[in-house]
Amino acid sequence: MILEGRIANGIVVVDEICKAKSAETKKGTAFSFYDALLSLLEPESARRWECPFFRVSFDMSYLS
């Protein structure tokens, strides 16, 4: 639903983020889960957050 509407309005709980590993896209781009979520903390950067895996921009400012 987030990918279709490009707006998030749900609640996400992430526990023990310090233990999260990195992921790699099919094109070989690597990113860490921690870095991907870090930009969601500031409302300004959350409004134009880009998914590091799909490389699609979302408005994640409504995400709690």
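Quick note: the coordinates plus some simple rules give every number you see, no bench work behind them. Just so it is clear, the model here is predicted, and its values are computed rather than measured. Virtual Cβ from ideal backbone geometry, glycine too; neighbours counted across all protein chains shown.
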Next item on the list: State the number of residues belonging to segment 26-52 that are of a type outside the set (Asp, Glu) and surrounded by 13 or more Cβ atoms within 10 Å (Cβ to Cβ).
Entry: 14
Check: Considering segment 32-64 alone, what residues qualify as being under 23 Å from Gly5 (Cβ atoms) and assigned to a strand (DSSP E or B)?
Finding: Trp49, Glu50, Ser57, Phe58, Asp59
